[in-house]
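Enquirer: One structure coming up, written as structure tokens, with questions to follow.
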Amino acid sequence: MSVLRIEHLSFSYTPEKPIFEDFSLEVRKGEVVAIVGPSGVGKSTLFELIAGFLKPQKGTIKVGRFSTIFQDPYTSFHPSYPIINQIADVCDTAGIEDMAKEMEIDPKLLQKLPHKLSGGQLQRCSILRAMQMRPELLLADEPTSALDNITSLKVMKLLLRYLDSVGILLITHDLALAKWCSDRIIELGTK
């Protein structure tokens, strides 16, 4: 089942420097597709196009129900109120304690303010929030770049556990990570 289909996408901020020309991509449930490349080649722009923050100049983007995991977990949560309240703001929290335990999150941590957690704990809470939204597509924008290597590996293994229910579009500059976990890799900025 296709959870994301991009067909003949064209987009540019300035006419003389197109970011995408006739770009097509499909992500299916159960697969990880990695978008890799150096800074400035359009990885974040693609993310914004898929999320609907930007509009394509040509082509179509058809996307199922999606949720996002951002690079920096500290900026993806508001600092002044508990994590559980922030999750409840965007989705139903039924069954969240069981899912938290599955993700090796002590449910008591959900009652805390974001700055009381480590980066790894908070990124797992970000994944918990994203999965609690029951997405068909998970947009993961550099989800491990703010974490140490051991925590990064744990976070990626955690994401891969959910492949039976989602497709994952992983945006990263880490080619080694992409090769380790992806079914397909699309390198932007290469001819």
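Derivation of every value follows stated rules applied to the coordinates shown; laboratory data play no part. Quick caveat, the model's predicted, so the values are computed rather than measured. Glycine gets a Cβ as well: all are built from the backbone with ideal geometry, and neighbour counts include every protein chain shown.
Enquirer: Could you put L9, L153 in order, starting from the residue whose Cβ has the fewest other Cβ atoms within 10 Å?
Expert: Starting with the residue having the fewest Cβ neighbours, the order is L153, L9.
Enquirer: Taking only C-alpha pairs under 8 Å that are 6+ residues apart, what is the relative contact order of the chain in percent? Spell out each step's value before the answer.
Expert: Values: 350 pairs, mean separation 63.6, N = 191.
Relative contact order comes out at 33 percent.
Enquirer: Label-point separation (nm) for M133 and L163, each offset 7 Å from Cα along Cα-to-Cβ?
Expert: 2.2 nm
Enquirer: Please report the antiparallel percentage of the DSSP beta bridges confined to the chain, to the nearest 5.
Expert: If I count the DSSP bridges inside the chain, around 40 percent turn out antiparallel.
Enquirer: Along Cα→Cβ, 7 Å out, is where each label goes; now give me the distance between the ones at E16 and M99 in nm to one decimal.
Expert: 4.8 nm
Enquirer: Only counting other Cβ atoms within 10 Å, I'd like H115, H8 sorted with the fewest neighbours first.
Expert: Least crowded to most crowded, the residues run H115, H8.
Enquirer: With 10 angstrom as the radius, rank T14, T60, T93 by how many other C-beta atoms surround their C-beta, starting from the fewest.
Expert: Ranking T14, T60, T93 by Cβ neighbours within 10 Å, fewest first, gives T14, T60, T93.
Enquirer: Sum up the lysine pairs in the chain that clear both bars: alpha-carbon distance under 23 Å and a spacing of 8 or more or different chains.
Expert: Going through the chain pair by pair, I get 28.
Enquirer: Same structure, new question: Relative to a virtual label point 7 Å from the Cα of D92 in the Cα→beta-carbon direction, which members of the stretch 106-142 show backbone nitrogen distances below 13 Å?
Expert: Of the residues in the stretch 106-142, 132-135 have backbone N under 13 Å from the label point off D92.
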